[in-house]
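Every number here is computed from the coordinates shown, using simple stated rules; none is lab data. Model, not experiment: these values are computed from the prediction. For neighbour counting, all protein chains shown are included, and Cβ atoms are generated from backbone atoms with ideal geometry for every residue, glycine included.
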Amino acid sequence: MITRFVFTILLVLSVNVVIAAEVELSFVGASKAQLDNPHDLKLTPDGRYLFVSDVGNNRIAILDPDSLELVGEFGSDHQSGTHDVDFDGQGRAYVADTHNNRVTIYEIDGTSATLVGELSERIRGPEGVLVHPNGLVYVAGAWSGNVVAYRDGRVVDEITGLASPHDLELGKDGNIWLADAGNSRMLLLSPDLEIEAELGRKEYDFNGVRYLDLTANGTIIAADKNNHEVKFIGADGKLLHVLGNGSPAKGVNRFRTPEGVEVRGSELWLSDSGNDRVVKYSLDLK
């Protein structure tokens, strides 16, 4: 278990740029599309589109990742409470269709989606999904308090005793980071769903940590929902930076119950869920 963390001194250069000793962030812009409580988000494998789990509209909203304009959508005729999305190596989308207690699977052609399958065994209220390079699909059942691993549509492994587990993201060496939201902690799981490490409430002041992503150097970016903050944690466990000030607000570097995180290279997208928007940052890790 990692028990040490270090706060860095922040220097605010302007309303748009925040620099810490090891993190530099520049606010790029915010979406204007009619979103309703957007949650996790994921770039398509080719980087052309940003798929957003638009919970209140029961759909995947498709945004242009640069302009953040709405360019498409799907699922509103059959999804309910859409929370998460991931892609497999063939470009198929796996969507956490939470209130229908399933993960829906789609063939994707640009902004068009065709429903081709689903996963539902032993999960209730799925809010996280990860398609792993090992061929397994891991699903976090927020209502069933478990993570289930599927192979070819069948359950092959499971960990129970969790509290409202949410996001699952690929870590180093094939391990998996899980946001165990109800316990305000993140767990590092092996592909066999053994607990390898824990980042806890006491060390990081988590309060309902929800979704996360990792940079190429292993930095974790986690949406700490009930603290209205986004936290940056280095691969060595050091707390590098906190974006937000702990109070709900709307504006540059301010959030209301943030949830979704997606990072690719120097670009970072966040779902400012309580403010019904997606925001974009330019990111530089020193």
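Check off (1) in a strand (DSSP E or B); (2) touching a Ser or Thr at 6+ places or on another chain (Cβ under 7 Å); (3) of a type in the set (S, T, Y) for T257 and give me the number that stays unchecked.
Condition not satisfied by T257: (1).
Tell me, please, whether a residue that is under 29 Å from V137 (Cβ atoms) and touching a residue at least 60 places away in the same chain (Cβ under 8 Å) can be found in the stretch 235-252.
yes
Select, from D46, D36, D66, the only residue that is more than 17 Å from the chain's Cα centre (by Cα) and closer than 23 Å to N253 by Cα.
Going through D46, D36, D66 in turn, just one is more than 17 Å from the chain's Cα centre (by Cα) and closer than 23 Å to N253 by Cα: D66.
Look through A179, A197, A222 and report the one residue that is closer than 18 Å to L283 by Cα and aliphatic (A, V, I, L, M).
Residue meeting the stated conditions: A222.
For the stretch 191-221, give me each residue that is in a strand (DSSP E or B), more than 16 Å from the chain's Cα centre (by Cα) and either surrounded by 22 or more Cβ atoms within 10 Å (Cβ to Cβ) or of a type in the set (F, W, Y) (or both).
Answer for the stretch 191-221, where residues must be in a strand (DSSP E or B), more than 16 Å from the chain's Cα centre (by Cα) and either surrounded by 22 or more Cβ atoms within 10 Å (Cβ to Cβ) or of a type in the set (F, W, Y) (or both): just L199.
So, in the stretch 222-254, exactly how many residues are hydrophobic (A, V, I, L, M, F, W, C), under 15 Å from P38 (Cβ atoms) and part of a loop (DSSP other than H, G, I, E, B)?
Total meeting the criteria: 0.
Among all residue pairs at least 6 apart or on different chains, which show Cβ distances below 9 Å where the first residue, located in the stretch 91-111, is under 19 Å from G135 (Cβ atoms) and the second is in a loop (DSSP other than H, G, I, E, B) and acidic (D, E)?
Close Cβ pairs satisfying both conditions: G91/D46; Y94/D88; I105/D88.
Does the stretch 236-263 hold any residues that are charged (D, E, K, R), under 18 Å from N226 (Cβ atoms) and touching a strand residue (DSSP E or B) at 6+ places or on another chain (Cβ under 8 Å), and which are they?
K250, R256, E259
Which count do you get for residues in the stretch 102-122 that are buried (at least 19 other Cβ atoms within 10 Å of the Cβ) and over 19 Å from the mean Cα position of the chain (by Cα)?
Qualifying residue count for the region: 4.
Considering each of V139, V129, V155, V147 in turn, give the residue that is surrounded by fewer than 16 Cβ atoms within 10 Å (Cβ to Cβ), among the hydrophobic types (A, V, I, L, M, F, W, C) and assigned to a strand (DSSP E or B).
V155
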